[in-house]
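The structure under discussion appears below in the form of C-alpha cells.
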Amino acid sequence: MITIELKGVGKKFNRNWLFKDVNLLFVPNKTYALTGFNGSGKSTLLQVIYGYQVVSSGAVLLSKPSETISPELAYKHIMFVAPYLDFPEELSLLELLHFHFSFKGKAIQISNDAMIAAAGLKGSENKHIKYFSSGMKQRLKLMLAFYTECELLLLDEPCSNLDESGIEWYRNMMMQQKNTRTIIIASNQKAEYDFCDQVYAVTDFKPVVPIL
C-alpha cells in the first residue's frame, strides 16, 4: 500500500506559477479527483505525481509502511493513463497484451479474451493498434490500467473519446476498483469523478497575482 505526500509542490513555466505550495496527502485505497478548468494545471499536477514532469519547488514522496520508494522505481507501482500517451502502433492488440503482461502482473486471474470482451474490443484481437479509433485506443489504455497489478492508478481525463457505452463501462469498472488501490483522477467532467472520496480544486493552489 502506497502513501503519496506532496510537500510544498509547485510548478512554473517561465516566470508564471501554474500552482504553488501544494500540500496534499493521498492515503492507500482511497479515490481522489483533481479538478479545474482547462489550463488550470490539473493534468500537470497529475504528471508531477507520476514523475512525468519535474517539480519547480517542493517534493513528491511515495512510501510504503516499511520503505520509501525512490523516484526512479516509482513506475513499478503506478499505472498512468492519458489521452496523449501513445502505444507501439505496429503491434496487434494480442501482441500488445503479451508484451505488456510480460513485465507487469495481472491484478486478477482473467484471460486476455475475457478482458478484451469486457472492454468492448472483441473482434479486434489481430488488428494493429494504428488502425484503432481514438475511442478504441482509450478503451485499451483503461483496460490495461484496470487489469494490471499496481498500487497507484493515475487517470488523466479518462473518458476522452469514449462513447456512452464506453463511459458506462468506465464507471462500472471504477465501482469495482474503488478501495482496492489508490486512484487519482484529473478531470473537469463530473461523470469521471463524482464517485471519488475527496475532490481537490487545483485552482486553490494558484498564487494570487497582485494588481499593480
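Where a number appears in this text, it was derived from the coordinates with a stated rule and is not lab data. Note that the structure is a prediction, hence the values are computed from the model and not measured. Glycine also receives a Cβ, built like all others from the backbone with ideal geometry; neighbour counts cover every protein chain displayed.
Take each peptide in 183-189, 48-54, 8-14, count the other Cβ atoms within 10 Å of every residue, and average; sorted highest first, the result is 183-189, 48-54, 8-14. Less than 5 angstrom separates the built amide H of GLN53 from those of VAL48, all sequence-distant by 5 or more or on a different chain. Globularity index of the stretch 29-115 is 1.35 (Cα radius of gyration / 2.2 N^0.38 Å, N = number of residues). If you plug the beta carbon distance of LEU61 and ALA201 into 1/(1 + (r/R0)^6) with R0 = 30 Å, you get a FRET efficiency near 0.85. How far is it, in nm, from the label point at LYS30 to the one at HIS98 when both lie 7 Å from their Cα along the line to the Cβ? Here the modelled spin labels are 4.3 nm apart. Taken over the C-alpha atoms, the stretch 70-212 has Rg and Dmax values of 16.7, 62 angstrom. Across the chain, the mean sequence separation of Cα contacts (distance under 8 Å, 6 or more residues apart), normalised by length, yields a relative contact order of 33 percent. Hydrodynamic radius of the stretch 1-151 by the Kirkwood approach over all distinct alpha-carbon pairs: 17.3 Å. Positive end of the dipole of the stretch 93-212 (Cβ unit charges, origin at the Cα centre): among SER160, ALA117, TYR200, the Cα lying farthest that way belongs to ALA117. In summary, the stretch 1-60 shows an alpha-carbon radius of gyration equal to 1.10 times the 2.2 N^0.38 Å reference for compact globular proteins. Here the Karplus relation 6.51 cos²θ - 1.76 cosθ + 1.60, evaluated at θ = phi - 60°, turns the backbone of the stretch 165-174 into coupling constants of 5, x, 5, 5, 4, 4, 5, 4, 5, 5 Hz, with x for every Gly and Pro.
Cross-link partners of LYS178 among lysines, defined as those whose alpha carbon lies under 27 angstrom from its own and excluding same-chain residues fewer than eight positions apart: LYS7, LYS30, LYS42, LYS64, LYS76, LYS104, LYS106, LYS122, LYS137, LYS141, LYS190.
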